[in-house]
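The values are calculated or read from the model by the stated rules, or taken from the named source; none is laboratory data. None of these values were measured; they are calculated from a predicted model. Cβ coordinates were reconstructed from backbone atoms using ideal geometry, including for glycine residues, and neighbour counts include every protein chain displayed.
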Ligand SMILES: [Zn+2]
Ligand SMILES: [Zn+2]
């Protein structure tokens with residue numbers, strides 16, 4: 001099952017030349033999930049050929065502008081482009097007020113239903129559970145209520161060894177039971193063990209999205225063993241004082257988070273506009289956690305095939 005993330009924005013606070021504020025899009029089994037929606041997100045989707053009409057779920061981490069100022073624009077475009085399908089937005093409660101006010105004063109009634117699901121930074125909660133994925137909030141420690149999001153792939157059914165089933169002439173109606181792990185009893189009474197007829201599906205993968213936060217161990221247990229960890233990395237560690245005041249993380253600390261939580265791979269992003277090039281940030285994170293990459297806009301990271 002396809003499970004991958006494409007970076008649309010990697011800047012903190014403001015757009016700068018060549019970098020946009022935060023947004024990412026996940027493709028999970030050919031369904032699109034947008035994570036944060038800063039200014040410029042629509043342009044980035046056009047640039048990287050991502051169809052906004054295919055998005056059914058939007059997750060907003062918090063109400064600093066560099067994470068949501070593109071949302072009302074996106075909602076308006078979907079309306080103008082004739083969307084009818086419902087859209088779910090997971091976000092802090094005041095965002096509904098903000099959106100409602102903008103729609104009210106433009107005298108717009110969207111042609112499609114938007115369902116808001118409010119997040120809380122008090123404790124982790126399962127906010128979505130469908131056939132492909134379970135999504136939990138990750139309470140973070142920022143200046144205003146903020147949550148990250150943990151995407152946990154669901155365990156798939158066992159895969160059939162088609163040649164073997166055809167060779168034994170197992171009737172097709174039995175296939176569903178085989179996928180669930182049952183053995184097969186042939187008409188002559190022979191029992192065929194399930195593991196001779198099917199193979200186990202891959203271990204479920206996880207993607208942890210940790211947007212703006214102070215370095216804190218409070219969410220370490222929840223994100224433990226992430227297949228892919230995105231962690232903000234606003235500053236170099238020589239600006240640790242600034243990171244503490246503004247409730248952000250340094251590249252060194254992001255590397256430590258990945259190391260201490262046994263992540264397989266780390267992506268760092270949310271870079272301060274002061275950094276014209278990003279190599280120093282990458283080097284610093286890699287000095288602690290070598291399997292680190294930069295959140296380069298347009299780049300897709302595959303979590304599972
Ligand atoms: Zn931010
Ligand atoms: Zn913020």
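In the set (1) within 16 Å of ligand 2 (Cβ to nearest atom); (2) more than 30 Å from residue 124 (Cα to Cα), residue 145 fails one condition alone, (2). If only residues of region 59-82 that are outside any helix (DSSP H, G or I) and touching a helix residue (DSSP H, G or I) at 6+ places or on another chain (Cβ under 7 Å) are counted, the one that is farthest from residue 246 (Cα to Cα) is 81. Do the conditions hold for residue 155, that is, is it modelled with pLDDT under 95 and over 23 Å from the mean Cα position of the chain (by Cα)? The answer is no for residue 155.
So, in region 173-200, how many residues would count as being part of a loop (DSSP other than H, G, I, E, B) and surrounded by 14 or more Cβ atoms within 10 Å (Cβ to Cβ)? Reasoning before the result, please.
Of all residues in region 173-200, those part of a loop (DSSP other than H, G, I, E, B) come to 180-183, 186-190, 193, 197, 200.
Those still in the list that are surrounded by 14 or more Cβ atoms within 10 Å (Cβ to Cβ) too: 182, 197.
Final tally of qualifying residues: 2.
Condition check: outside any strand (DSSP E or B) and over 24 Å from residue 125 (Cα atoms). Does residue 104 satisfy that?
Details: outside any strand (DSSP E or B): yes; over 24 Å from residue 125 (Cα atoms): yes.
Yes, satisfied.
When every residue of region 88-97 is checked against the conditions, at least one turns out to be within 16 Å of ligand 1 (Cβ to nearest atom), part of a helix (DSSP H, G or I) and within 30 Å of residue 222 (Cα to Cα). If you scan region 187-213, which residues turn out to be touching a strand residue (DSSP E or B) at 6+ places or on another chain (Cβ under 7 Å) and without any contact (Cβ under 8 Å) to a residue 24 or more places away in the chain? Within region 187-213, just 191 meets the criteria. Can residue 36 be described as within 16 Å of ligand 2 (Cβ to nearest atom) and under 16 Å from the mean Cα position of the chain (by Cα)? Here the answer is yes, as residue 36 does meet what is asked. Of the residues in region 159-172, at least one is loosely packed, with under 15 Cβ neighbours inside 10 Å and touching a residue at least 40 places away in the same chain (Cβ under 8 Å). Of all residues in region 127-134, none satisfies being within 16 Å of ligand 1 (Cβ to nearest atom) and surrounded by fewer than 17 Cβ atoms within 10 Å (Cβ to Cβ).
Does residue 11 satisfy being in contact (Cβ under 8 Å) with a residue 40 or more places away in the chain and in contact with a helix residue (DSSP H, G or I) (Cβ under 8 Å, 6 or more places away or on another chain)? Spell out the reasoning first.
Values: in contact (Cβ under 8 Å) with a residue 40 or more places away in the chain: yes; in contact with a helix residue (DSSP H, G or I) (Cβ under 8 Å, 6 or more places away or on another chain): yes.
Taking the combined requirement at face value, the residue satisfies it.
Of the listed requirements (1) closer than 21 Å to residue 151 by Cβ; (2) within 16 Å of ligand 2 (Cβ to nearest atom), residue 304 misses just one: (2). Screening 262, 279, 237 for residues that are at positive phi, away from ligand 2 (no atom under 16 Å from the Cβ) and at pLDDT 95 or above leaves exactly one candidate, 262.
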